[in-house]
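Visitor: To start, I am sharing the structure in question, which I have written as structure tokens.
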Amino acid sequence: MTAQYAGRLIDIYAWATPEGMISPSSGGKIVTGIIKLAQRWLITFFNEEDTVKYDYFLRRTQRGTPFLTRIREGSIQTEADLRALFALSEIQARQQMFEEETSDDPDDERYDGAELIDLEIGQGNISMTVTLRSRADFVELIVPIPIVV
């Protein structure tokens with residue numbers, strides 16, 4: 001997959017791959033487009049509230065959602081509870097994502113929503129399938145969440 005980088009701000013790829021993010025022969029990988037958006041959403045959605053005291057680059061103090069905190073607290077008992085928590089957390093993440101964006105950002109890097117498509121709750125883990133939409137494209141993410149009981 002190739003991407004046009006001219007006139008875009010780039011981001012460093014933050015998710016490990018089997019070969020790693022940075023090798024001795026490279027300075028790291030860069031991302032743009034829907035993958036950059038997915039990375040931003042994952043970081044925003046899964047950061048716990050009040051764990052980022054001040055985001056220097058965004059010049060703000062709030063980042064994150066209650067999603068992982070509520071799961072860890074054990075307050076989620078049913079699939080319906082988890083779907084409701086996802087909806088609440090998506091609203092908070094959406095507000096934060098919109099605050100970060102400017103009208104100069106490419107459409108494939110601008111947030112347009114996330115929808116929980118599928119949910120599997122197993123012994124010790126949750127697996128969510130989420131459709132993440134930009135203004136130009138969409139991507140399906142499978143997010144495994146280990147649960148320590």
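Where a number appears in this text, it was derived from the coordinates with a stated rule and is not lab data. What you are looking at is a predicted structure, and each value in this text was computed from that prediction instead of being measured. Using ideal geometry, Cβ is built from the backbone for each residue, glycine included, and neighbour counts are taken over all protein chains shown.
Visitor: Just subtract the alpha-carbon distance of Thr131 and Glu79 from 0.36 nm times their residue separation and send over the number in nm, one decimal.
Guide: Here the segment from Thr131 to Glu79 would lengthen by 16.9 nm.
Visitor: Taking 0.36 nm per residue of separation and subtracting the Cα-Cα distance, what length does fully extending Glu100 through Ile43 add?
Guide: So the extension gain works out to 19.2 nm.
Visitor: Please compute the modelled spin-label separation between Ile145 and Asp50, points set 7 Å along Cα→Cβ, answer in nm with one decimal.
Guide: For Asp50 paired with Ile145, the spin-label model returns 1.9 nm.
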